[in-house]
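Any read-out appearing in this document is the output of simple, stated calculations on the displayed coordinates, not a laboratory observation. Treat the numbers as computed from the prediction; the structure is a model and nothing was measured. Here the Cβ positions follow ideal geometry from the backbone for every residue, glycine too, while neighbour counts run over all protein chains shown.
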Amino acid sequence: AQKITQTQPGMFVQEKEAVTLDCTYDTSDPSYGLFWYKQPSSGEMIFLIYQGSYDQQNATEGRYSLNFQKARKSANLVISASQLGDSAMYFCAMRDGAGYSTLTFGKGTMLLVSP
Amino acid sequence: NAGVTQTPKFQVLKTGQSMTLQCAQDMNHNSMYWYRQDPGMGLRLIYYSASEGTTDKGEVPNGYNVSRLNKREFSLRLESAAPSQTSVYFCASSESNRSPKRTQYFGPGTRLTVL
C-alpha cells in the first residue's frame, strides 16, 4: 500500500501568489514525522520543513508552512508569496515506526512559477 | 562543512561491468542511506546503515551491495550492472535514531547510465 500520496503531478502559480501542494499519508503508528524536500533542476535534494505527529502547532519555516490535519492524514505544504526560484520538484516524505530509521517518499509535484 | 559528498557525479557503464559509488559525510551522523530516483517514481531506498557496523536492506536492494567503511563513509556497489540500474543515486545521512526529527541530508547525486 502506498504510504505517501501526492496527487498533483504538476502545479502552476504566478509569482507572489500562494500555492498549496497536497500530501496525504497512511500509517497506523501514532509516532511519525513528515518532511518536505525541494529538488530544483540542478538535482540536489533540499530539506524544507518537518512536522512531528505529536507537534501541537503547524510547522513554519520562512515562506513555507505545513498545513497538518491529523484526522485527515494530510500534510500539505503551503508556499506563500511564490518566487521564480521556487520552480522545482517537491517531495513529501514520512518516517513512521515501521520504518524506524528510513523515509518513504511520494512521487513528487512539479511546481512552475511564472512571472 | 561539505555536508554529504558523492563521487562520481556521472558514470556510464556497459552491461555486466561493476563499479562502486562513494559517499562521505562530515556531519558526524550515525545513519546513512542510499536511494535511487527514477522518473515518476520518487526516491526509493536501496540500503541503509543505522549505525557504523550495521547495514539493512531497503525497498529495492536487488543487484546492489553496500559497505559502511567507517562512520563517515558508506559505499554502494553494483557487481554486474544492468540497464534497469540506470538511475540517479543519492546518498543521505541523518543523526542518531534517538533523535525525534532525524532529518536526512542529501548528497548531490550520481547520474548512472548502463548501456
What lysines does residue A:70 reach when the alpha-carbon gap must be under 17 Å and sequence neighbours fewer than 8 apart in one chain are set aside? A:3
What one gets for segment B:31-82 as the Kirkwood radius, inverse of mean 1/r over different Cα pairs in Å, is 11.4
Considering just Cα atoms, how many Å³ per residue does the convex hull of chain B enclose? 94
Please average, across the residues of A:34-44, the number of beta carbons from any other chain that are within 10 Å of each residue's own beta carbon, and give a whole number. 3
Taking K and R as +1 and D and E as -1, what net charge do the other residues with C-beta under 13 Å from the C-beta of residue A:92 add up to? +3
Note on the protein assembly as shown: the mean projected area of its alpha-carbon convex hull, in nm², is 12.6
Expressed as a whole number, the average count of other chain Cβ atoms within 10 Å around the Cβ atoms of A:50-60 is 1
Out-of-range pairs (alpha-carbon distance over 22 Å; input A:16/A:73; A:38/B:101; A:107/B:14; B:71/B:101; B:14/B:71): A:16/A:73; A:107/B:14; B:14/B:71
Among DSSP beta bridges whose residues both lie in the protein assembly as shown, state the antiparallel percentage, nearest 5. 90
Dividing the mean separation of Cα pairs under 8 Å (6+ apart) by the residue count of segment A:9-69 yields a relative contact order in percent of 21
Within segment B:61-92, whose backbone N sits under 15 Å from a point 7 Å along Cα→Cβ of residue B:14? B:80-83
With every atom except the alpha carbons ignored, what do you get for Rg and Dmax of segment B:1-61, in angstroms? 13.2, 37
Mind checking the log10 I(q)/I(0) for chain A at q = 0.13, 0.15, 0.16, 0.20 Å⁻¹? Debye, one equal scatterer per Cα, no solvent, two decimals. -0.46, -0.60, -0.69, -1.05
Which whole number gives the average count of other chain Cβ atoms within 10 Å of the Cβ atoms across peptide B:102-111? 5
So how far, in whole Å, is the C-alpha centre of segment A:68-88 from the one of segment B:21-57? 26
Just need the relative contact order of chain A here, percent rounded to a whole number, with Cα pairs under 8 Å and 6+ apart. 37
